[in-house]
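What follows draws every value from the coordinates through simple rules; no lab data is involved. If you're wondering where the values come from, they're calculated on a predicted model, not measured in any experiment. Because the Cβ atoms are built from the backbone with ideal geometry, glycine has one as well, and the counts that use them run over all protein chains shown.
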Amino acid sequence: MSQLRALRIKLGHTDVGTLFDLEDGRVYFQFDEEYALDPSRPTLAVLLLGESEEETRAQLVNPPDHVRFGGGKRRLPVFFRNLLPEGVLRKQLIADAGIEADDEMSLLSYCGEDLPGDVWALPEKLDDARMGRLLTQGQDSFEYSSHQLPTPQAVSLSGVQPKVDLVQEPGGRYVMRSKAAADGAHFIAKLPASDYQGLPEVEHTSLLLAAAAGVRVCEAALMPLHQIADKLPFTLRDDARNFLLVRRFDRDAPTATGRLHMEDFAQALGLSPEDKYQGDYASIGLVLLDASASGHADVLELLRRVKVNELLGNYDAHTKNFSLLYGVDGRPRLSPAYDIVAYGAYMDGKGHALRFLPDESGKQMLAPGTVRKLANIWELPEIEMTAVLRDTVNRAMRTWPSLISESVLSEGQKNRLLAHLENHPDAKAWRRRNRAVQPG
């Protein structure tokens, strides 16, 4: 007898398909025929968009293996794996739900009503005919020898830093997200981490510096932990430190569900979560040019963020730190920047976690030769790209020294971050061009 569990996948109120697993650890996804054949369907993943409606439809009717199959060992297909929480939150939710660590189907179900963006994964009850079609792709030989198992029923937030989902109640208090606290503005609380002293303060300062350099950033503020009304997890209940309050840009939207769809670039490039460092900026830019409603402008914004990460010493930016956000019009654009952390305040280093080009090694700096190669790949004017980079450096050099000096960082962090900035080749070149400008 075949046993399976099934989840109904929805994008907002639109039915998309069925995700189901078998007792031997295989997990499959099948698009609904109605979704596949509807030319007005909302986009689930840019990876499945073809050059024409016919090509898109063909991919949905017969999706590639990495879209429809998780590869065994209880792994979900890549798109859905990237919806799951990571790190401390993942361990916490697995313990709360009482599920096995490798049971990704149960974890997705447990988080299925509050996943990133506007994807929903809800328990689905299958009749015998539907079960047979899923198992046999239309051949009914197993139709009546199959048995469906139940699925369990939390919030999924990607990233390894301890974090919780919050809703602001009337009066200003923040409570942990639950079915009983569904109304109000939605936020993410990024909590202090034991590995990095003052991480909320460093990330908040990093976002302020990025904005000063011209980057579109998410809304964020530092708040004392006691502002969270609930009992905190991770032994932070009586902690006197701050957390970083980040406004969720995929929530509180003027849509039927109050949410906006989004997908990170691990999803957009078809990478599994553990391969999030395997992407490259050239490929991210090509996706933006091909799929974004603001492709040209988004690529220039991407370039600005890359330079800011370099100047800050953000050595850990990976594909899950960049996302596409679908607007009310259903069209994707580069989301506001998030998860920008100046690790230069903690340690020495240089370069980027991601490659610029598919055939090069990581930890490279954005050199003029690389800009030229990217300009050729993206078919953009090199002079325009160079102008954006120069503007970014100019803004940073004119504003960052004083912002860093006046920030809430520790003196040691300020000194390391200022030293990292001053030692960057672009900063030295800027000084030579602007000898009258004094540091700080």
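Miscellaneous remarks
- Cβ-based net charge around residue 207, under 12 Å, with every Lys or Arg adding one and every Asp or Glu removing one: 0
- Inverse of mean 1/r across different Cα pairs in segment 398-438, Kirkwood, Å: 10.8 Å
- Trypsin sites (Lys or Arg not before Pro) within segment 2-87: DSSP coil, no more than 11 neighbouring Cβ in 10 Å: 73
- Across segment 337-344, computed HN-Hα scalar couplings (Karplus, 6.51 cos²θ - 1.76 cosθ + 1.60, θ = phi - 60°) run 6, 8, 6, 9, 10, 7, 5, x Hz from first to last residue, x flagging Gly and Pro.
- Coil-residue GluC sites (Glu not before Pro) of segment 1-78, DSSP, other Cβ within 10 Å capped at 12: 23, 51
- With both residues required to sit in the chain, DSSP beta bridges show an antiparallel share near 90%.
- In Hz, Karplus ³J(HN,Hα) per residue of segment 251-263 (6.51, -1.76, 1.60; θ = phi - 60°; x = Gly, Pro): 10, 6, 9, x, 10, 4, 9, x, 10, 10, 5, 8, 9
- When you restrict to C-alpha pairs under 8 Å that are six or more residues apart and normalise by the size of segment 1-69, the relative contact order lands at 24 percent.
- For segment 387-400, the Karplus equation 6.51 cos²θ - 1.76 cosθ + 1.60, evaluated at θ = phi - 60°, returns couplings of 5, 5, 5, 5, 4, 4, 5, 4, 4, 5, 5, 7, 10, 5 Hz by residue, with Gly and Pro reported as x.
- When the Cα positions of 62, 386, 120 are compared along the charge dipole of the chain, 386 comes out farthest toward the positive end, with charges on each C-beta of Lys, Arg, Asp and Glu.
- Cα-based Lys proximity count in segment 163-433, under 15 Å, for pairs eight or more positions apart or on separate chains: 8
- Each other residue within a Cβ distance under 10 Å of residue 261 adds +1 if Lys or Arg and -1 if Asp or Glu, for a net charge of -2.
- Charging the Cβ of each Asp and Glu at -1 and of each Lys and Arg at +1, and nothing else, the dipole of the chain about its Cα centre rounds to 1880 debye.
- Checking every one of the GluC sites (Glu not before Pro) in segment 319-426 against DSSP loop status and a limit of 16 other Cβ atoms within 10 Å picks out 360, 379, 406.
- Think of it as helices only: each DSSP H run of n ≥ 4 in the chain is worth -39500 (n - 2.57), and spread over all residues that comes to -10000 deg cm²/dmol at 222 nm.
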